[in-house]
Number of protein chains: 2
Amino acid sequence: MRKTTIEDWLTDLASELPAPGGGAAAGVNAAMGAALVSMVCNLTIGKPKFAEHETVMREALAEAERLRLEALQLAEDDAEAFSGVVAAYKLPKSSDEEKAARTAAIQAGLVEAAAVPLAVAKVAAQVIRLSGRVLEGSNPNVLSDVAVAASAAKSALESAALNVDINLVSIKDPAERERLASSLNEALQSKVQAEAIMQAVAKRIRA
Amino acid sequence: MRKTTIEDWLTDLASELPAPGGGAAAGVNAAMGAALVSMVCNLTIGKPKFAEHETVMREALAEAERLRLEALQLAEDDAEAFSGVVAAYKLPKSSDEEKAARTAAIQAGLVEAAAVPLAVAKVAAQVIRLSGRVLEGSNPNVLSDVAVAASAAKSALESAALNVDINLVSIKDPAERERLASSLNEALQSKVQAEAIMQAVAKRIRA
């Protein structure tokens, strides 16, 4: 997917193929958010005017670069995420033993399928926190890009959360459900910060 | 830009180059939203089970295809949007006549520069309305993609709005300011619908 042109990837997204779909779009959105944080850092680092923020910006840049690659990898992984569930549904179910094995395989597949969007949600939450860290020291010329980074990451977060939920509702093990739900809720806390960043930037632009 | 690979475009976005930046990211987000509406339509059309929604889905598909191409074109145009302002700032300002001509050119450039993000905001608002139109009749297997489409378009809308505002605050003609602000506010009304779509889908997934 990473070697596909933007035009072709959007055409694939629009097509009747099941993948790429909303899961991959969420991953790309998290990657765009991370890339914009990198840009903000790159346009702030090395300028004497912003020297006091140099350390924060250098650290943020390293993390943003890592998160962009991770998000892009997750966008690629998304196409495979559900394949285990699909394969499990095709298992034989003639005997009680077969039925039990099939149910167990479906359940294991659902837990695996939830792992990719959960990872996207976590990366997106990290991008939001990183946008918050660069907000104060950002070169004012790219302040709006800090807000766009937070907005793209917020969309990635809420989109990934839906894809976790889709799998979550079919998982029967209460412990597994609880583990996934609590991990997702933790990531979702960052939505409030994304809104706050958007509002702070809008206020500074209009000031 | 459309012929760039996703990986390379994200690297350009992350770089210290002024373009692509948040404006282009907003355009890509609107295009992702439109592409997902197309996917939803493509996976609903032609299935006897959803025959009663066939007409709506066919109309929505045609509009989503058009909006995707328009959003991608706007993402490309964004790099050029600010070039008129940059050129105007470089005009000579030795005499009063030169100063007046330079100010007029800067003002004209700002109005032009606001036009691209305003167009992105309008396209994003249309993608949100289109997500709302396909919500009821969507193949339930791709219901989450309707919500991801609305979320991506909402991010495009709020990001583009910031980029309109950046130019708006420097425009001196009250009539021009009013025209841009009122046009932007109309598009921003669709944010509420995007939230409602996200919530409706989340509720149906958990039901």
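The values are calculated or read from the model by the stated rules, or taken from the named source; none is laboratory data. Bear in mind the structure is a predicted one, so any value in this text is a computation, not a measurement. Please note: Cβ atoms are built from the backbone with ideal geometry, for glycine as well, and neighbour counts cover all protein chains shown. These accessible areas exclude ligands, DNA and RNA; they are computed on the full protein's heavy atoms, side chains included. Shrake-Rupley method; radii C 1.70, N 1.55, O 1.52, S 1.80 Å.
Quick one: which of B:G109, B:G137 is assigned to a loop (DSSP other than H, G, I, E, B) and not polar (S, T, N, Q)? Talk me through it step by step, then tell me what you get.
On the way: B:G109 fails: assigned to a loop (DSSP other than H, G, I, E, B).
None of the others qualify; the one that does is B:G137.
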Within the stretch B:16-31, of all residues that are at the interface with another protein chain (Cβ under 7 Å from one of its Cβ atoms) and over 19 Å from B:V148 (Cβ atoms), the one nearest to the chain's Cα centre (by Cα) is B:G22
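Results for (1) among the aliphatic types (A, V, I, L, M); (2) more than 13 Å from chain A (Cβ to nearest Cβ); (3) surrounded by fewer than 22 Cβ atoms within 10 Å (Cβ to Cβ), shown as yes or no for each residue.
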site	(1), (2), (3)
B:R133	no, yes, yes
B:P140	no, no, yes
B:K154	no, no, no
B:A160	yes, no, no
In this structure, is B:R2 farther than 28 Å from B:E176 by Cβ and at pLDDT below 95? yes
Considering the stretch A:185-194, residues that are assigned to a helix (DSSP H, G or I) and surrounded by fewer than 14 Cβ atoms within 10 Å (Cβ to Cβ), and then whichever is farthest from the other protein chains (Cβ to nearest Cβ), we arrive at A:E186
Just one listed residue, out of B:L13, B:L67, is surrounded by 14 or more Cβ atoms within 10 Å (Cβ to Cβ), within 12 Å of chain A (Cβ to nearest Cβ) and free of Cβ contacts under 8 Å to residues at least 24 places away in the same chain, and it is B:L13
B:E112 vs. criteria more than 29 Å from A:S15 (Cα to Cα), more than 8 Å from every other protein chain (Cβ to nearest Cβ), among the charged types (D, E, K, R) and in contact with a helix residue (DSSP H, G or I) (Cβ under 8 Å, 6 or more places away or on another chain): yes
Checked the stretch A:16-27 for anything open to solvent by less than 40 Å² (accessible area, probe 1.4 Å) and without any contact (Cβ under 8 Å) to a residue 60 or more places away in the chain; matches are A:P20, A:G21, A:A24
So, first residue outside any helix (DSSP H, G or I) in the stretch B:164-176, second residue open to solvent by 20 Å² or more (accessible area, probe 1.4 Å) and small (G, A, S), Cβ within less than 9 Å, six or more apart or across chains; the pairs are B:V169/A:A207
Take the conditions in a helix (DSSP H, G or I), facing chain B (nearest Cβ under 9 Å) and either open to solvent by less than 30 Å² (accessible area, probe 1.4 Å) or closer than 20 Å to B:V28 by Cα (or both) and apply them to A:V123. Does it pass? no
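For the stretch B:196-207, which residues satisfy the criterion of being within 10 Å of chain A (Cβ to nearest Cβ) and open to solvent by 10 Å² or more (accessible area, probe 1.4 Å)? Walk me through it before giving the result.
Step one: filter the stretch B:196-207 for residues within 10 Å of chain A (Cβ to nearest Cβ), giving B:198, B:201-202, B:205-207.
If the condition is that a residue be within 10 Å of chain A (Cβ to nearest Cβ) and open to solvent by 10 Å² or more (accessible area, probe 1.4 Å), then B:M198, B:A202, B:I205, B:R206, B:A207 are the ones that fit.
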Of the listed residues (A:G132, A:G109, A:G84, A:G137), the one being in contact with a His (Cβ under 6 Å, 6 or more places away or on another chain) and not hydrophobic (A, V, I, L, M, F, W, C) is A:G137
Looking across the stretch B:162-184 at residues that are open to solvent by 20 Å² or more (accessible area, probe 1.4 Å) and polar (S, T, N, Q), the single one that is farthest from B:L143 (Cα to Cα) is B:S170
Quick check on the stretch A:138-148. Is at least one of its residues under 25 Å from B:V201 (Cα atoms) and of a type in the set (A, V, I, L, M)?
yes
Within the stretch B:32-53, restricting to residues that are aliphatic (A, V, I, L, M) and part of a helix (DSSP H, G or I), the one that is farthest from the other protein chains (Cβ to nearest Cβ) is B:A51
Screening B:A150, B:A181 for residues that are within 11 Å of B:A124 (Cα to Cα) and among the small types (G, A, S) leaves only B:A150
Being charged (D, E, K, R), part of a loop (DSSP other than H, G, I, E, B) and either without any contact (Cβ under 8 Å) to a residue 40 or more places away in the chain or closer than 13 Å to A:S170 by Cα (or both) narrows A:K93, A:K99 down to just A:K93
